[in-house]
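The values are calculated or read from the model by the stated rules, or taken from the named source; none is laboratory data. Every value quoted in this text rests on a predicted model; they were computed, and no experiment measured them. Every residue, glycine as well, gets a Cβ built from its backbone with ideal geometry; the counts of neighbours run over all protein chains shown. Ligands, DNA and RNA are stripped out before the accessible areas are found, and what is left, the full protein with its side chains, is counted by its heavy atoms. Shrake-Rupley method; radii C 1.70, N 1.55, O 1.52, S 1.80 Å.
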Amino acid sequence: PANATKITDESNNISGYWYVEGNVTIDRTLTLGGDTHLILCDGAELTINTDRDGIDYGANNLTIYAQSSGTHAGKLTINSRLNGFYSGSSIRNFTINGGIISVTASSNHGIYTAGAVTINGGIISVTASSNYYGIYAFSAVINGGTVSATSDSYGIYTANGSGHNVTINGGKVYAKGTYYGINSADDINL
């Protein structure tokens, strides 16, 4: 969109439409101050290194897009000590429509949301620490893309409650954990 703002290494509290062009490294948590749409341009890479959460989207929705698909798609790499993506207790939605996304959370969840995680495309690799989950959500829907979620606990886990399902409609999914690759408090729909 014409109103999108370019992400730089100084970006901190963002909302609205943003895009990544070239190589950008942010050495702190990237915080969302409102619903945010992040566009990964071809050949771009956004790297977030932090001893806290990688992207904290709090009480907001986060949607990630890529300019195109395949090996030239933009990249997002998160190396965090806590959660890679984090929404706290706010019931918000996290949607990935494309991109090459790699998350390593050394002492917490790769993706943590009290809402829904929906993956429609892209190449997503999430690795969590031993006592946590690759993807933790109230519901998880995978419609496409290639998704790898691993930890020594659960690869993909949905919380207790009615309608808290894991649904896989398409794509390739690899989920590995010492206890379960995929564990749902409600249903697993394949």
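The table below gives the values:
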quantity: Qualifying positions in the stretch 1-19 - open to solvent by less than 30 Å² (accessible area, probe 1.4 Å) and under 27 Å from residue 81 (Cβ atoms); calculated: 7, 11, 14
quantity: Top-ranked residue of the stretch 64-88 - restricted to ones that are open to solvent by 50 Å² or more (accessible area, probe 1.4 Å) and of a type in the set (S, T, N, Q), ranked as nearest to residue 141 (Cα to Cα); calculated: 69
quantity: Filter result (under 14 Å from residue 95 (Cα atoms) and open to solvent by less than 10 Å² (accessible area, probe 1.4 Å)) within the stretch 53-63; calculated: 55, 57, 62
quantity: Residue, surrounded by the fewest Cβ atoms within 10 Å (Cβ to Cβ), within the stretch 20-38, restricted to residues that are without any contact (Cβ under 8 Å) to a residue 24 or more places away in the chain and not aliphatic (A, V, I, L, M); calculated: 27
quantity: Selection count, the stretch 39-52, where residues are in a loop (DSSP other than H, G, I, E, B) and open to solvent by 20 Å² or more (accessible area, probe 1.4 Å); calculated: 5
quantity: Complete set of residues in the stretch 79-116 that are modelled with pLDDT under 95 and of a type in the set (Val, Ile, Thr); calculated: 91, 113
